[in-house]
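These notes concern the structure reproduced below.
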């Protein structure tokens, strides 16, 4: 009986020695036994759990970053919308001023030097205002929420304020010219 045991143990030892994979799909019965006894399965399981946790942390960070970017985008869109409203009001005011200047021109017979000067300034103001509108449209279309758009929005706001001052100046001058 001993003679039968030795070859059986030798064969089992040889087969166990051939199991080189800790992957349960590749190791077969003896690979599974070897993986369980060596702790390779637990190690593979732990590695997978670590990778899963890292992926979940990365996903959470990306989700938080995405939410932050969406909030920033919404805030910038609100600012652009407010700027658009201010632009629309200024455009309406300029059109009203244009009507007043047209009335002054018809009363003065079109030859008054001051009225002519106001008309030239008004034409320049309208040109700048049209450019401002196109710039706001371009800013609104940019939508990537990047820093350059924020800087550009501030520049446009400053330009609009300058245009508003010019409008106020023209309005005041026009009121002085009106009889």
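The values are calculated or read from the model by the stated rules, or taken from the named source; none is laboratory data. What you see is a predicted model; the values in this text were computed from it and never measured. Counting neighbours? That spans all protein chains shown, and the Cβs are built from the backbone with ideal geometry, glycine included.
Values computed for the structure shown
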| item | result |
| --- | --- |
| Qualifying positions in the stretch 61-79 - over 22 Å from residue 160 (Cβ atoms) and exposed (fewer than 12 other Cβ atoms within 10 Å of the Cβ) | 61, 62, 63, 64, 65, 66, 67, 68, 70, 71 |
| Residue 175 buried (at least 16 other Cβ atoms within 10 Å of the Cβ) and either in contact with a helix residue (DSSP H, G or I) (Cβ under 9 Å, 6 or more places away or on another chain) or modelled with pLDDT of 80 or more (or both) | no |
| Subset tally (residues that are farther than 21 Å from residue 155 by Cα and out of contact with any helix residue (DSSP H, G or I) (no Cβ under 9 Å at 6 or more places or on another chain)) for the stretch 78-94 | 1 |
| Residue list for the stretch 82-108, restricted to those being in contact (Cβ under 8 Å) with a residue 24 or more places away in the chain and either under 14 Å from residue 160 (Cβ atoms) or not in a helix (DSSP H, G or I) (or both) | 83, 84, 86, 87, 90, 91, 93, 94 |
| Any hit, the stretch 36-48, residues being at pLDDT 65 or above, part of a helix (DSSP H, G or I) and within 35 Å of the chain's Cα centre (by Cα) | yes |
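Listed here are the residues, each with its yes/no results for (1) at pLDDT below 70; (2) over 30 Å from residue 169 (Cα atoms).
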site	(1), (2)
17	yes, yes
53	no, yes
58	no, yes
64	no, yes
89	no, no
97	no, no
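Results for (1) closer than 30 Å to residue 71 by Cα; (2) surrounded by 12 or more Cβ atoms within 10 Å (Cβ to Cβ); (3) modelled with pLDDT under 80, shown as yes or no for each residue.
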{"residue": "86", "(1), (2), (3)": "yes, yes, no"}
{"residue": "94", "(1), (2), (3)": "no, yes, no"}
{"residue": "100", "(1), (2), (3)": "no, yes, no"}
{"residue": "119", "(1), (2), (3)": "no, yes, no"}
{"residue": "122", "(1), (2), (3)": "no, yes, no"}
{"residue": "133", "(1), (2), (3)": "yes, yes, no"}
{"residue": "139", "(1), (2), (3)": "yes, yes, yes"}
{"residue": "149", "(1), (2), (3)": "yes, yes, yes"}
{"residue": "179", "(1), (2), (3)": "no, no, yes"}
